[in-house]
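Engineer: Questions regarding the structure given below will be posed in turn.
Bear in mind that the values in this text are calculations on the coordinates, not laboratory data. Values in this document were obtained by computation on a predicted structure and should not be read as measured data. All Cβ positions, even for glycine, are placed from backbone atoms using ideal geometry, and neighbour counts span all protein chains on display.
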Amino acid sequence: MDPLSAKLGALADPTRRAILARLERGETTLSELARPLAITVPAVAKHLNVLERAGLVTRRQEAQRKPFSLEREALADIADWLDRYRRHWEESLDRLAALVKADGDLDA
């Protein structure tokens, strides 16, 4: 699977988006991430594995602690990809609005 598809697939799940939202505030551990979620620690671990394979989070060893952190650059890649389409549609709609306005001016 290509990197963009892996990232978008990982973002498709609301639990994974909730995990990313929590990691936005700073790094934390698996047990801390699982605490507010209504799923088991092993289920959170599976979600984190998907996010890690997609490059959206990283884990590091810190003595007995293994904190996860958000990879902001990976999210920037997605934002850049989406921005290209946003610009395309804005330009298309601007051209359409100009055509509609020009057609209205002809009718007057």
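Engineer: Output the residues belonging to the range 45-99 that are touching a residue at least 40 places away in the same chain (Cβ under 8 Å) and over 30 Å from Ala34 (Cα atoms).
Structural biologist: Across the range 45-99, the qualifying residue is only Trp81.
Engineer: Could you list, ordered by first residue, the pairs with Cβ atoms under 6 Å in which the first is in the range 1-20 and farther than 17 Å from Val41 by Cα and the second is not small (Gly, Ala, Ser), at least 6 apart or interchain?
Structural biologist: Cβ pairs passing all conditions: Lys7/Ile78; Ala10/Arg16; Ala10/Val50; Ala10/Leu51; Ala10/Leu56.
Engineer: Something else: Please verify whether Ser69 is closer than 24 Å to Asp80 by Cα and surrounded by fewer than 15 Cβ atoms within 10 Å (Cβ to Cβ), treating the condition exactly as stated.
Structural biologist: Spelling it out, Ser69 is indeed closer than 24 Å to Asp80 by Cα and surrounded by fewer than 15 Cβ atoms within 10 Å (Cβ to Cβ).
Engineer: Among the numbered criteria (1) out of contact with any Gly (no Cβ under 8 Å at 6 or more places or on another chain); (2) loosely packed, with under 15 Cβ neighbours inside 10 Å, which one does Leu56 miss?
Structural biologist: So Leu56 meets the others, but not (2).
Engineer: Next question, about the same structure. Could you pull out every one of the helices (runs of 4 or more DSSP H) wholly within the range 1-105 that has 2 or more residues that are in contact with a strand residue (DSSP E or B) (Cβ under 8 Å, 6 or more places away or on another chain)?
Structural biologist: Passing ranges, in order: 14-23, 30-34, 41-53.
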